[in-house]
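The values are calculated or read from the model by the stated rules, or taken from the named source; none is laboratory data. Source: prediction; values computed, not measured. Note that we place each Cβ from the backbone using ideal geometry, even for glycine, and neighbour counts take in every protein chain shown. For the accessible areas, the whole protein counts, side chains as well, though only heavy atoms, and no ligand, DNA or RNA atoms are used. Shrake-Rupley method; radii C 1.70, N 1.55, O 1.52, S 1.80 Å.
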Amino acid sequence: MSDTRFIPCTVADLHTLQDIAINSYGDHYLYLWFDGGMWYIDRSFSDAALKKSLVTRIPHFTSFITVINL
């Protein structure tokens, strides 16, 4: 039986979250932007932007790390 846990991200997870966010966004939305999404990526996924969202814990936007032990 597997054990799946969802752990809220903290500032210590910032670069992992940033990597996932940029890669996920890049796979689906870059075609929408004349600059390849760089403005949006910088505004939304920069160290400062992600740190702010992790520290303020916006109620409807909390990122999680999923841990699955098989």
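Per residue, region 1-47 exposes an accessible area of 77 Å² to a 1.4 Å probe, with every protein chain left in place.
Run the accessible area of region 14-56 with a 1.4 Å probe and give the carbon-and-sulfur part as a rounded percent. The nonpolar share, carbon plus sulfur, comes to 59 percent. Backbone phi angles across region 4-18, fed through the Karplus curve with coefficients 6.51, -1.76 and 1.60 (θ = phi - 60°), yield HN-Hα couplings of 10, 10, 10, 10, x, 5, 10, 4, 5, 9, 3, 6, 5, 4, 4 Hz in residue order; Gly and Pro are listed as x.
Are there any chymotrypsin sites (Phe, Trp or Tyr not before Pro) in region 1-36 that are in a DSSP loop and have at most 10 other Cβ atoms within 10 Å? List them by number. The partial results should precede the final answer.
Details: sites: Phe6, Tyr25, Tyr29, Tyr31, Trp33, Phe34; in loops: Tyr29, Trp33, Phe34.
Within region 1-36, the qualifying chymotrypsin sites (Phe, Trp or Tyr not before Pro) (loop, at most 10 other Cβ atoms within 10 Å) are Phe34.
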